[in-house]
1. Return the pairs, sorted by first residue and then second, in which the second residue is among the aromatic types (Phe, Trp, Tyr), the first residue lies in the stretch A:699-710 and is farther than 16 Å from A:Leu502 by Cα, the beta carbons are less than 7 Å apart, and the residues are 6+ apart or on different chains.
2. Pairs under 8 Å by beta carbon, first residue touching a residue at least 60 places away in the same chain (Cβ under 8 Å) in the stretch A:356-369, partner part of a strand (DSSP E or B) and among the aromatic types (Phe, Trp, Tyr), six or more apart or different chains?
3. Taking B:His457 as the residue in question, decide whether it is within 19 Å of the chain's Cα centre (by Cα) and not polar (S, T, N, Q).
4. Within the stretch B:562-577, can you find the residues that are away from chain A (no Cβ under 12 Å) and in contact (Cβ under 8 Å) with a residue 40 or more places away in the chain?
5. Search the stretch A:308-333 for residues that are within 18 Å of A:Val251 (Cα to Cα) and touching a residue at least 24 places away in the same chain (Cβ under 8 Å) and pair each with any residue that is of a type in the set (Asp, Glu) and open to solvent by 40 Å² or more (accessible area, probe 1.4 Å) when their beta-carbon atoms are under 9 Å apart and the residues are at least 6 apart or on different chains.
6. For B:Gly162, only one of the following conditions fails: (1) open to solvent by 40 Å² or more (accessible area, probe 1.4 Å); (2) farther than 27 Å from B:Val273 by Cβ. What is its number?
7. Identify, please: which residue in the stretch B:604-627 is open to solvent by 10 Å² or more (accessible area, probe 1.4 Å), part of a strand (DSSP E or B) and modelled with pLDDT of 95 or more and is, among those, nearest to the other protein chains (Cβ to nearest Cβ)?
2 protein chains.
Amino acid sequence: MTRTLALLLAAAALPAAPVLAAPTTAPSAQTFAPLFAAEVERAKRDVEASIRAGVNVPVPKDPGGGFTHEQHKRNYRTIFEGGQLYRLTGNVRYRDHVRDLLLAYADLYPKLGPHPAAANQAAGRLFWQSLNDSVFLVNAVQGYAQIRDALTPAERQRIDDGAIRPMAKFLSDGSPEVIGRIHNHATWACAGVGLAGYLLGDRDLVDKALLGLDKSGRTGFLRQLDLLFSPDGYYAEGPYYQRYALQPFVVFAAAIAANDPGRKIFDYRGGIVLKAVHTAIDVTHDGYFLPINDAMPDKSLRTEELYHAVAIAYAATKDPTFLSIADWQGHTVLTPEGQALAADLAAGKAKPWPFTSRLLSDGPDGKEGALVLLRDKPTPTGPLLVAKNTVQGMGHGHFDRLNWLYYDETGAVVTDYGAARFLNVEAKRGGRYLPENDSWASATIAHNTLVVDEQSHFTGDWKAGDKVPSHQLATGLDGPTRYSIGEVSGAYPDVRIRRALLLVDVDGLANPLILDILRGTGGGRHRYDLPLHFSGQIIDSDIAFDRKLAERPVLGKANGYQHLWVDGDGTKAGKARLTFMHGSRFYSYHMLPPAGAHFILTESGANDPEFNLRREPALIQRVDGAADATFVSLLEPHGKYDASAETVVASSARVANLEHRRDAAADLVLITLAGGRRLAIAVADDVTSTMKHSATIDGRAFTWAGPVGRFDLAKGDAK
Amino acid sequence: MTRTLALLLAAAALPAAPVLAAPTTAPSAQTFAPLFAAEVERAKRDVEASIRAGVNVPVPKDPGGGFTHEQHKRNYRTIFEGGQLYRLTGNVRYRDHVRDLLLAYADLYPKLGPHPAAANQAAGRLFWQSLNDSVFLVNAVQGYAQIRDALTPAERQRIDDGAIRPMAKFLSDGSPEVIGRIHNHATWACAGVGLAGYLLGDRDLVDKALLGLDKSGRTGFLRQLDLLFSPDGYYAEGPYYQRYALQPFVVFAAAIAANDPGRKIFDYRGGIVLKAVHTAIDVTHDGYFLPINDAMPDKSLRTEELYHAVAIAYAATKDPTFLSIADWQGHTVLTPEGQALAADLAAGKAKPWPFTSRLLSDGPDGKEGALVLLRDKPTPTGPLLVAKNTVQGMGHGHFDRLNWLYYDETGAVVTDYGAARFLNVEAKRGGRYLPENDSWASATIAHNTLVVDEQSHFTGDWKAGDKVPSHQLATGLDGPTRYSIGEVSGAYPDVRIRRALLLVDVDGLANPLILDILRGTGGGRHRYDLPLHFSGQIIDSDIAFDRKLAERPVLGKANGYQHLWVDGDGTKAGKARLTFMHGSRFYSYHMLPPAGAHFILTESGANDPEFNLRREPALIQRVDGAADATFVSLLEPHGKYDASAETVVASSARVANLEHRRDAAADLVLITLAGGRRLAIAVADDVTSTMKHSATIDGRAFTWAGPVGRFDLAKGDAK
């Protein structure tokens, strides 16, 4: 009895729910806080619909999006929800329906072999990939735990032995190639197996989940906690998979805390589980996960995984800022943790989540690069400059070392394509990753970083990329001049790339400026391409484009270039500018590429026989035959377009000039605003924080310490 | 005193505000309802900022979006708001600032000639087009009215004689070519002149505004009420200009009601002013105006014009459904009407706006076609089929007779490009209509209607189009089979076009089907093109497209065809299908074109040297060398994509087959659903509502009365 209940209780001890004392009506329904009450009502509708439809446990046949796939997903949700409703209401109809579903699985499951629609992923039995089988088990155990003690011994044994234990066996001993990995699929498997072990009182299953099949600790849940997150709780595959992986981590951690309190799992590795939740929330803009690597851009904090994570993290910490996230989510989970969270939210205890600039180190030891988030407001929708100086991120990683993104109140401005995939849409290759995910979405040219000789980083080989870390050389998280300096060697055989990205607040400008100094240092002569993928409508440019008005060629043959239509190719001496509008704001991109560069305007969507790609614009700065190349670019958000009031202000750029020069061992960038104000930014080659530097601008000497100096030339004083 | 106040009071008698008894604090601030209180605070911020900035009345120089343009707009808003704030608070700082602004205009205005940036519109003095001068006067008079009695006689005289009267003179006697038109520019001029007349006690100005410069009634405000709206309150230029025109109509009407109550202006022509407000709200989806004709698609009920219209209409009617619109708007006006509306909204008196199907007759007599709105839910975001069987709509009308649009909970699905224009964005030709507005946006091929021989309707000559009405032959506004049948003769010299559009509710389908039967009947042999402009990502198709994967040609040379990139050209025997996804829903477009047709996939954006066009997909059904052509098409919304829950249902179409045949004098369309259910829709040539028809389907005879019959073949009974 204690064991079956403990599964549902987080570390923060909550009172046990009376599963055996089963009232036939819901005595506490009136006392639920609104957020939780809505979940209860929603679950009742779902489960009642399932009861009306009757037990439907089909023989597995379809891939993602197909009927049997979706039906088994519906079933595990029904088992989870029905179990929770039985706990909350004591209504035996919920218990009986969950029981009947589980009995049907107990009849079906032992007869199943590998799923007939299995593709290149490890085959499941209920689903085309075993990952979904793990998700099934994680959910089913949580639901089953609520009714197990209220079944007859015979029913209990049939379900234990026909469904739960064989599922756990399949996902452990039966799938060593899955559960033995250091990978989110393995975490789901561990969580399913471990939860089953706690429920069945099967220590062997629990230990295999925690310590690997050989119980050595070289694989298993704890090892995953060691290796899959950086010390800052950043997940190597990126935010999309951080979200996905989070649910088994937090759900299994809560079960470990309840069943093996001596392990102090929430303190493990400096509290890595809670750090992972915190970081997952931080790697969002307007609630949506930054779509780096393989990622669907429509994933937000409003997902099942984060409902669990936020409820469990709040139960473990009582940190009131989690409540504001729950408020934005508008949902919580049906567990006691969700109930307690909803009550505190209703009691007005929420505090705003403190969005801030962060250096999220990457790699298990935190020394293999970083994801840097630079924010100048504590809001979910304010300006956010992302520097992706991370590790490869395994098979879901893109070839985009030193990539950057920019978000602000208008949404994603400098963009990442994310993954080429239509999740669960059967007509799109069963909802799997599409061929264009390799040929376009993960290619370097699809990102805002340097491409050498039209080839992707690591020649597009992620295993090669996995061996090469990035280097976060220096970071400044405080205003008014926040910065990230990163470097990578090895993305190309003979070119080292270094990039400084700065978020610069300027008095009198409503929006920060984003300064980008990128240098490729190479042997031999190369073609250097630096794309900017942006969202918005082009307003104008001072570049003389040769436009491809009536016949549109493609840019290249391979490595993503074959997917780019060419709209124009042009040149401009000195600083060049492209202005576009996105939402209610204008953006001017000022460029100072190496001498001889030209500018190519493109749109994605060429060589796309199945219409799998979105069509999005990019501007590429290109220089040919150079050994080294320094690209200095400045993104200037400005002005306001108000459709309601029919007013427009500052549709023209305020940045009048941009100059760059090398001075001793530093890059000096001079920004001249309309009206004549000048601002100088210096970025030293030596990134030591204590190193003193000096430079001469307009005949005046300036000094600064550390990698970045800033001078307001109107006043002549360093900040 | 009475006269100056009456301007601000709507027909529903509101208590006079104490403009002379001027308290120095705001005694009533605490009693404002939230909606109004927010407006007061916003206005205070605006006006205080203007006070801090000081009086800035620049010599006119810039076109739309430029500094002097925007500054004069800011100034009229400050005059309006400052006057209202003085009325509400009695704070003399507001009075003095409004006075100082008006005195500066009194100094400047008499010296001005035609605006230096005037283009092809009638030149204003403060603005590049006189239209903006009218808007200035409408606003300025309303603000000035609040402070006029609190000025010294000398100040009053300087403003009356230096600004208000000369502005009114310029817009009346000085601009006969503007005020004498039957056009929204003339309405704004009439309102400005008439309001000025009431304020100055100048009956001559009032009568010229009401009855035209010659006071004959052949032009002027009343004549505009006769001719610009149909009997249903539909404005000939379309919803975008209906919105724009509404403000002078309602503001001037409220002033007439207050100053000339004997005219019973709100009863004029069957209550046409209030009908126009009601219709303006009805021609929206999710609060956004349907962007037919020249229209910016980002215009919603959240605009100054509609704040005035809703407040004045509510004051005149106390219809509580206006309150729900005000609630959606989230704004109201600073006038007593706005104050009263906000109070009633706060008192919980709002009732939902009854969105419903409507036949909006067009033309002054209601006999020149119609805009038909077919809705199957009373909600602002529910399914909406629009049949545009209207008149040309003068110079802002597009060449899109019998065009259709479709909206639902995902937004605009079957789309209208709207206008090619970036309103007030200086870099886009001063914010004016762009060349692509003629070459693309208004062309027939840019719409979802029949193009004959690659030529626009009326060879793109709107004056020719203005002479030719459309015909609304029959309309059925009630479910489950709502329909519109329209016809036009004369869009092409020798081709008559008839189109039936039906919104069909089907038991068991979550969304209605949209059936389209279009027939071109011509002499000679023609190329017939029927485009569908849609929003969304293509999922798949059963058409064998020859794809233009690596080089993209344009479709044609002129009449909009030069702006279309070709993505593919293909054929399919029998019914053809294209499925796309928009938001969370799938849409399958099933087509049964004439024999020999092929299908062309296109995207807008070719031959666009200044990047003025959005890039949007279309599918064109094309048949060559036909005399007559019947296109039967069915749009089927289906399924659900849920990014949060990672579930997809019904991504495949439920419509398995579509058949069409002519039987006696009717079109019979058979729709077969997956599973075998069949539905027959019959549309008779004779649209008389009492006419009885019969047809034989599958050897069984059916009868129906009126133009449209419907049969469920599973049951064999007519509905």
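The values are calculated or read from the model by the stated rules, or taken from the named source; none is laboratory data. What you are looking at is a predicted structure, and each value in this text was computed from that prediction instead of being measured. So basically every Cβ, Gly included, is an ideal-geometry build from the backbone, and we count neighbours across all protein chains shown. Note: areas computed on protein heavy atoms with side chains; ligands, DNA, RNA excluded. Shrake-Rupley method; radii C 1.70, N 1.55, O 1.52, S 1.80 Å.
1. Within 7 Å, the pairs are A:Phe702/A:Phe711.
2. A:Pro364/A:Phe229
3. no
4. B:Lys575
5. A:Ala313/A:Asp319; A:His331/A:Glu304; A:Val333/A:Glu304
6. (1) is the only condition that B:Gly162 fails.
7. Of everything passing the filter in the stretch B:604-627, B:Pro617 is nearest to the other protein chains (Cβ to nearest Cβ).
Every residue, every condition in (1) farther than 26 Å from B:Tyr288 by Cβ; (2) outside any helix (DSSP H, G or I), yes or no:
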| residue | (1), (2) |
| --- | --- |
| B:Leu210 | yes, no |
| B:Lys215 | yes, yes |
| B:Arg218 | yes, yes |
| B:Asp226 | yes, no |
| B:Gln242 | no, no |
| B:Leu246 | no, no |
| B:Ala253 | no, no |
| B:Ile256 | yes, no |
